[in-house]
Amino acid sequence: MPIHWTHDLDTGIDVIDHQHRRIVDFVNDLEAAQIMGDKARIKSVVDDCVDYTISHFAFEESLQKEAGYPYWKPHKKVHELFARKVGEFQQRMELGDDVAEELHNMLARWLVNHIKHDDADYVSSVKATLAPEPEKPPVEEKKPGWFKRLFG
């Protein structure tokens, strides 16, 4: 069953939400390739998804570290464990195992759970870092005082 993006998956950080939606697209593409039985497409989608997701993880971790999020190291560990698990699926696929349905189910469950729980925890820290600096009130141009006008 495809993943449908819902507002409860939004983090409120546009760049992260865009990346998460792209990963959802990969997961849905995997399901479509699996339904069609297109093994070459399945491999291509999985490889592209893994590459994109690893880049996303690195970006997300850098935001967390920069924001001073205190749990960025454990979050990184969760990403590493996930990457290892997906790597095992890739190895099985290379050996000829039909892992598409099992992989799709794992990706769909993990992604939604990770966004709603793990990612939701760092949002306030990162948003505070990304927030634009408050605007300073305009400085009024002072008219020169009588002394400066007289002797200036």
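Rule-based calculations on the coordinates, nothing more; no lab input. Just so we're clear, the structure is a prediction, and the values are computed from it rather than from any experiment. No Cβ is skipped: glycine too gets one built from the backbone with ideal geometry, and neighbour counts run over all protein chains shown.
Kindly check whether there is at least one residue in segment 71-86 that is in a helix (DSSP H, G or I) and β-branched (Val, Ile, Thr). The answer is yes, given that some residue of segment 71-86 is in a helix (DSSP H, G or I) and β-branched (Val, Ile, Thr).
Listed by first and then second residue, the pairs linking a residue in segment 59-75 that is in contact (Cβ under 8 Å) with a residue 12 or more places away in the chain and more than 13 Å from Asp119 (Cα to Cα) to a residue that is surrounded by 13 or more Cβ atoms within 10 Å (Cβ to Cβ) and among the charged types (D, E, K, R), with Cβ atoms under 9 Å apart and 6 or more places separating them unless they lie on different chains, are Ala67/Lys127. For Ala58, the criteria (1) surrounded by fewer than 15 Cβ atoms within 10 Å (Cβ to Cβ); (2) more than 25 Å from Ala120 (Cβ to Cβ); (3) among the aliphatic types (A, V, I, L, M) hold in every case but one, which is (2).
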